[in-house]
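Visitor: Let me begin by handing over the structure; questions about it come next.
Derivation of every value follows stated rules applied to the coordinates shown; laboratory data play no part. Predicted, not measured: the structure shown is a model, and the values here were computed from it. With ideal geometry, Cβ positions are generated from the backbone for all residues, glycine too; neighbour counts draw on all protein chains shown.
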Amino acid sequence: MLYQLYETQRSLVAPFAEFASAASKLYSHPLSPFAQMPMSQRWSASFDLLHRLAKEYEKPAFGITTVRVNEVDVAVQEQVAIEKPFCRLLRFKRFTDNPRALSDMKTQPTVLVVAPLSGHHSTLLRDTVKSLLQHHKVYITDWTDARMVPTEAGPFHLDDYVRYVQEFIRHIGPSAHVISVCQPTVPVLAAVSLMASAGEATPRTMTMMGGPIDARRSPTAVNNLAMNKSHAWFETNVIYRVPPNFPGAGRPVYPGFLQHTGFVAMNPDRHLTSHYDYFLDLVRGDGDSADGHRQFYDEYNAVLDMPAEYYLDTIKTVFQDFALVNGTWKVGGESVRPQDITKTALLTIEGELDDISGAGQTRAAHELCSGIPKSRQFHYDAIGAGHYGIFSGRRWREMVHPEVQRFIARHDGPDATPAPQVRKAKAKARPQPARRQSGG
């Protein structure tokens with residue numbers, strides 16, 4: 001019933017949002033007589049803010065059309081490599097007529113970015129993809145809003161997520177380098193573990209960023225909620241069926257609007273201040289700052305519904321049973337054994353100020369992956385970075401991305417040998433932190 005009430009409220013508010021948009025232009029357009037009235041800028045700013053608070057936010061586009069490779073601007077085309085009911089595997093194909101850039105692109109490593117299925121669309125990793133495209137061939141998982149998937153497609157469980165990841169890795173081949181951001185660190189580790197246990201070729205590297213491998217360590221507010229509420233509580237309080245005006249009508253989901261409410265509730269003061277600053281920027285005519293606000297919230301406010309089965313499985317497996325670290329997780333009857341991974345290099349990354357995945361949660365992967373030689377295990381702490389800062393923004397571009405790039409380059413190729421600093425780590429017989437950097 002809550003979902004239906006939300007949709008009714010959204011439908012009722014939609015005309016007012018459009019009216020606010022029109023009114024904002026009425027008080028700001030240079031040819032409008034209202035724009036010459038006293039206080040017109042404040043009226044325009046007020047209506048603009050009202051419009052943005054009331055409007056519906058659709059899934060943004062990646063919008064990556066060019067990227068710079070070897071000092072040359074090359075064209076980028078978004079292609080669908082595999083399409084499945086709950087996910088599309090996208091490839092960002094690069095094109096150029098420049099011989100030097102073309103030669104470089106053909107020999108660059110191939111990266112699979114596994115985006116989170118945890119509320120926001122995969123376009124949240126736009127900055128990640130754009131940076132990686134300078135030195136890599138890039139694929140990304142583009143998860144489908146569950147309300148758009150007809151019930152005929154069946155349910156989608158955490159086990160299905162693991163199988164999707166395996167299929168995507170097999171499609172790319174053993175030369176793949178896998179990067180998982182936040183939530184998918186757990187199913188990606190499971191997918192690679194099962195492939196190793198079965199004797200399949202595994203990716204050359206795994207980079208795990210800000211994920212709950214062991215959610216017991218430094219638990220955050222998100223972890224505490226998942227751990228302190230019963231499984232039945234989540235079924236009763238956050239799972240609703242999709243209303244009849246969507247293709248997935250009747251499908252049980254964790255609605256995006258509830259997730260968004262939770263996101264905002266974590267830092268309400270910060271969002272209130274941000275919107276007030278946006279209002280002041282509009283009044284002052286600071287277009288650049290206002291555009292930055294719009295770009296961020298166009299992405300932040302665009303959310304998707306998660307399949308109920310997947311969400312509840314994740315709560316139980318990752319945050320309540322701790323099945324991965326306890327060695328009790330089975331996928332399709334097969335035990336998940338990270339210790340069976342021996343040929344894949346491992347890099348874990350954590351943000352110093354991460355309030356989603358606490359310190360040590362991602363680094364716990366090293367203890368589980370005991371079969372990987374210590375000379376091929378690395379950890380990096382991004383000083384001054386919060387959860388989003390490890391994959392987007394200035395700290396990602398200046399601090400984290402260079403570390404990821406060097407790690408992949410160091411282990412690209414079946415016969416890749418450790419660099420001198422890696423041999424030093426091997427001598428100490430434990431995973432060593434990469435160079436810690438400070439950021440402003």
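Visitor: Using the Kyte-Doolittle scale, which helices in the chain average at least -0.5 and also have C-alpha atoms spread 15 Å or more along the helix axis, with helices defined as whole DSSP H runs?
Guide: Helices passing the filter in the chain: 2-26, 40-54, 158-172, 185-197, 256-266.
Visitor: Using a Förster radius of 41 Å, what is the FRET efficiency between Arg42 and Thr107 based on their Cβ-Cβ separation? Nearest 0.05, please.
Guide: So, using R0 = 41 Å, E works out to roughly 0.10.
Visitor: Another one. What pairs from Lys229/Lys316; Lys59/Lys93; Lys343/Lys374; Lys106/Lys137; Lys93/Lys137 go past 18 Å between their alpha carbons?
Guide: Lys59/Lys93
Visitor: Same structure, new question: May I ask for the longest run of the chain untouched by GluC sites (Glu not before Pro) that are loop-located per DSSP and have at most 10 neighbouring C-beta atoms (other than their own) within 10 Å?
Guide: Between the exposed loop sites, the longest stretch runs 72-440.
Visitor: Please list the non-local residues whose amide H lies under 5 Å from the amide H of Tyr380, H modeled 1.01 Å from N, same-chain partners needing a gap of 5 or more.
Guide: Here the answer is Thr348, Ile349, Glu350, Ala434, since their amide H atoms fall under 5 Å of that of Tyr380.
Visitor: Over the chain, what is the relative contact order in percent, taking alpha-carbon pairs closer than 8 angstrom and at least six residues apart?
Guide: Dividing the mean separation by the residue count of the chain yields 17 percent.
Visitor: Still on this model: Using Cβ contacts closer than 10 Å as the measure, can you line up Ser274, Ser193, Ser24, Ser46 from fewest to most?
Guide: Least crowded to most crowded, the residues run Ser274, Ser46, Ser24, Ser193.
Visitor: Among all stretches of the chain without exposed trypsin sites (Lys or Arg not before Pro) (DSSP loop, at most 14 other Cβ atoms within 10 Å), which one is longest?
Guide: 1-434
Visitor: Using only DSSP helix segments of four residues or longer, with each worth -39500 (n - 2.57), what per-residue ellipticity at 222 nm results for the chain after dividing by its residue count and rounding to 500?
Guide: It comes out at -12000 deg cm²/dmol, rounded to the nearest 500.
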